[in-house]
Amino acid sequence: MKNAVKNDSLNKSRGGFTSRGFILAAAGSAIGLGNIWRFPYMAGTNGGAAFVLVYVIAMAVIGVSLLLVEFNIGRHGRANAIDSYSKISSKFKFIGYIGFFSAPIFLSYYSVLSGWTVYYTLKSAAGLTHVPAAGLGDFFFGFVSSTWPPLLFHLLFSAMTIYIIAKGVSNGIERWSKILMPVLFILILALVARSLTLSGAADGLRWFLAPDFSKITWKVVIAAIGQIFFSLSVGMSGMLTYASYLNGDENLVKTAGVVSFFDMLVALLAGLMIFPAVFTYGMEPTSGVGLIFITLPAVFSAMPLGSLFSVAFFALLVVANLTSSISILEMPVAYLIERKKISRPKAAIIVGGLGFLLGVAVSLGYGAWSFISINEMSILDIFDYLGSNIILPLCGLLSAVVVGWFWREGAIQEVTNNYTINTWVAPVWHGIVKFVVPALLVLVFLSLIKVIG
Ligand code: PHE
């Protein structure tokens, strides 16, 4: 093990993250396509403000609590997810294995979508803003249904992810994201300002922020729960793996709170940036997967220096996506290095390569293989549904049961840094994890398998 982790900036020793580095890495994992692509897409297809309301509540109750659960198990375990679960009891290591085997699925479509963002970055430089708003849908579908270009960009993005993890240069990425993520944030604020002054802003705001309570159905709840898991990177033990590189004195409660808050803020801002444009240009909130790719270019063409904004936005989104995809890949790689004695580059190539291959199917799912569908869901939709609505909440539920019912003292000791901080928050959090989170998630699963609702 010593050898395998040598030369590895992330792993240099267990406890490799400084406090600042850890917040950045965790926020980098959380913030990405989940906030900017998936949140508006889900809000759009699930009734707008009704979805947003459930999302915010679920984030505050379930999201933060489970993020803290993962931080807790990871820092306590100081090892890859499977061994960290084993440290509590070997009965529980299967939860780590679920994350391990699902990582390639997440990688696959994450990389395909990120490939689309790379393409939009280049196209923005080549005059995307000249495409009239009415033609942006055709432009998008023309691209994703072609065979080679999306595959090429998928390959490019997969290669970047594998390269970063193989080199273990996450520290470099951290240094960059420290500068680039605030820039992305400011750019989003500028786009929100532009969107809010479009003629359809009032309609967009109403759709996004004034809930029609009758629209809160189980389907909306399932979608909102899936969204918090995907968006916070919770459930597949990626956050757990990051926390395993921490040393003892990090305030985990504070970090979980800060990361969840920013994750939610960026998602809400993405909504404010998209929906006014949707209503201004007569687009459909229910456009689905293509929503941001179809609406954002219309916003860019309606602003001075639009092309520049467009290039900058999509390029920064690529960076945000990279800091998320590396957290997906690091999880199984950490296990292969520590347990199977495989070198870091080899592990990154094996798992990343598998993700790439699965992604080929996802990419072709919009073109040559579009005949493959279940309930009108494309391969991407199927992977995303399986991943975000089933695997992540299931692992989340299991992790809550482990910490809630089988590990009270240890968990509290970990959250309180040996009873020195968070002494009143910890028992409250533990109670939520023990009773509230499992109860809510069980209800969601019952409705998912149509026992209720
Ligand atoms: N949270 C990431 C995003 O919002 C995606 C992700 C999911 C990352 C699961 C890691 C694990 O883009």
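The C-beta contact set for segment 30-41 (first residue farther than 13 Å from L316 by Cα, second residue part of a loop (DSSP other than H, G, I, E, B) and near the ligand (Cβ under 6 Å from one of its atoms), distance under 8 angstrom, 6+ apart or interchain) comprises A30/S233; G34/S233. Checked against the criterion of being more than 16 Å from the ligand (Cβ to nearest atom) and either of a type outside the set (S, T, Y) or under 15 Å from the mean Cα position of the chain (by Cα) (or both), the candidates N389, N375 yield just one match: N375. Summed over segment 361-376, the residues that are surrounded by 15 or more Cβ atoms within 10 Å (Cβ to Cβ) and either touching a residue at least 24 places away in the same chain (Cβ under 8 Å) or not in a loop (DSSP other than H, G, I, E, B) (or both) give a count of 6.
Among the residues of segment 428-453, those identified as in contact (Cβ under 8 Å) with a residue 12 or more places away in the chain, surrounded by fewer than 15 Cβ atoms within 10 Å (Cβ to Cβ) and outside any loop (DSSP other than H, G, I, E, B) are F435, V442. A single member of I421, I337, I342 is among the β-branched types (V, I, T) and either buried (at least 19 other Cβ atoms within 10 Å of the Cβ) or within 16 Å of the ligand (Cβ to nearest atom) (or both), and it is I337.
Going by what's in this entry, would L107 be described as in contact (Cβ under 8 Å) with a residue 60 or more places away in the chain and more than 18 Å from V311 (Cβ to Cβ)?
On the way: in contact (Cβ under 8 Å) with a residue 60 or more places away in the chain: yes; more than 18 Å from V311 (Cβ to Cβ): yes.
Yes, satisfied.
Helices (runs of 4 or more DSSP H) fully within segment 126-227 that include at least 3 residues being in contact (Cβ under 8 Å) with a residue 40 or more places away in the chain and either in contact with a Cys (Cβ under 7 Å, 6 or more places away or on another chain) or within 22 Å of M42 (Cα to Cα) (or both): 136-144, 170-196, 201-209. Taking residues in segment 299-325 that are in contact (Cβ under 8 Å) with a residue 24 or more places away in the chain, and partners anywhere that are of a type in the set (V, I, T) and within 12 Å of the ligand (Cβ to nearest atom), the pairs with Cβ atoms closer than 7 Å and at least 6 places apart or on different chains are F314/T117; L317/I36; L317/T117; V318/T117; A320/I31; N321/T117; L322/T161; S325/T161. Suppose the filter is within 30 Å of L336 (Cα to Cα) and touching a Gly at 6+ places or on another chain (Cβ under 8 Å); does L107 pass it? For L107, the condition - within 30 Å of L336 (Cα to Cα) and touching a Gly at 6+ places or on another chain (Cβ under 8 Å) - is met. Once segment 25-46 is narrowed to residues that are away from the ligand (no atom under 15 Å from the Cβ) and buried (at least 24 other Cβ atoms within 10 Å of the Cβ), the residue that is nearest to G235 (Cα to Cα) is N46. In the set (1) part of a loop (DSSP other than H, G, I, E, B); (2) at pLDDT 95 or above, the condition left unmet by S327 is number (1).
In segment 234-253, the count of residues that are over 24 Å from L441 (Cβ atoms) and within 14 Å of the ligand (Cβ to nearest atom) is zero.
Looking across segment 237-271, the residues that are in a helix (DSSP H, G or I) and surrounded by fewer than 22 Cβ atoms within 10 Å (Cβ to Cβ) come down to V253, K254, T255, G257, V258, F261, F262, L265, L268, L269. Among all positions in segment 284-298, there is at least one residue which is outside any helix (DSSP H, G or I) and closer than 19 Å to V144 by Cα.
Do you know which of the residues in segment 75-96 that are more than 24 Å from G16 (Cβ to Cβ) and in contact (Cβ under 8 Å) with a residue 12 or more places away in the chain is surrounded by the most Cβ atoms within 10 Å (Cβ to Cβ)? Walk me through it before giving the result.
Our first condition is that a residue be more than 24 Å from G16 (Cβ to Cβ); within segment 75-96, this holds for 89-92, 94.
Okay, now just the ones that are also in contact (Cβ under 8 Å) with a residue 12 or more places away in the chain, so 89, 92.
On the way: S89: 11, F92: 21.
Here the residue is F92.
The values are calculated or read from the model by the stated rules, or taken from the named source; none is laboratory data. A quick note: this is a predicted structure, and the numbers were derived from the prediction, not measured. So basically every Cβ, Gly included, is an ideal-geometry build from the backbone, and we count neighbours across all protein chains shown.
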